[in-house]
Amino acid sequence: MSFETDVYHRKDYERKVLLSKHKDYGPKNIAESPGGALNGLRVRLHDKLARVNNLLDSGADPHHEGLIDTALDIANYGTIMALVLAGEWPGVEGDSGPVDEPEETQDSTDPRTLYELAWDWDPTFQSQATPDGGRQTLRGHLADDVRHR
C-alpha cells in the first residue's frame, strides 16, 4: 500500500475507535474534568507518555495494551484536544482563538470544513453518506452520537 492509503486506513480506524469510546464515556469525562477539559487532557496525555517512556526505557513487555494501542490513544486525545480548543467538544466553550489549520485549508475563500475537504479528497469517504449529503461537520457527528446513546 502507499503511504497515503496507510494514513487513510489508520485515521479511519482511529475515528472508529474514538466514536465507539465516545459512546461509552460520553462528553462529560472531558468537559467536566477537574481543572477543566484541557487540564484533563493534559493529565491523560501525560499518563500515556509516561507509559511509553517506561516501556521503552525498561524494555518490558506490556501486560495490557501495547505501544500501538497507546499511540492510538495519544492520537485520539490529540483529536479531542483540537475539538476542545475549537469549541467543538460538547459542553466546552472554545477559548483558544483561531485554530491552526494546515496551510492547504487556510484559504479564506474556501468555507468547507475539514470533513468536507476529506469528502472531496477521498471518494471512499463518500460511501459514509450523511442525511445532509455528506456535508455534516465532525461536531455534528459527535452531537448525533450523544443523541443516539
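A short reminder: the numbers here are calculations on the coordinates, not readings from a lab. Note that the coordinates shown come from a computational prediction; the quantities given were computed from them, not determined experimentally.
For the stretch 3-66 and the stretch 67-81, compute the distance between their C-alpha centroids and round to whole Å. Centre-to-centre (Cα) distance: 4 Å. Using the Karplus relation 6.51 cos²θ - 1.76 cosθ + 1.60 with θ = phi - 60°, the per-residue 3J(HN,Hα) values for the stretch 28-42 come to 5, 4, 9, 4, 10, 4, x, x, x, 4, 5, 5, x, 5, 4 Hz, with x marking Gly and Pro.
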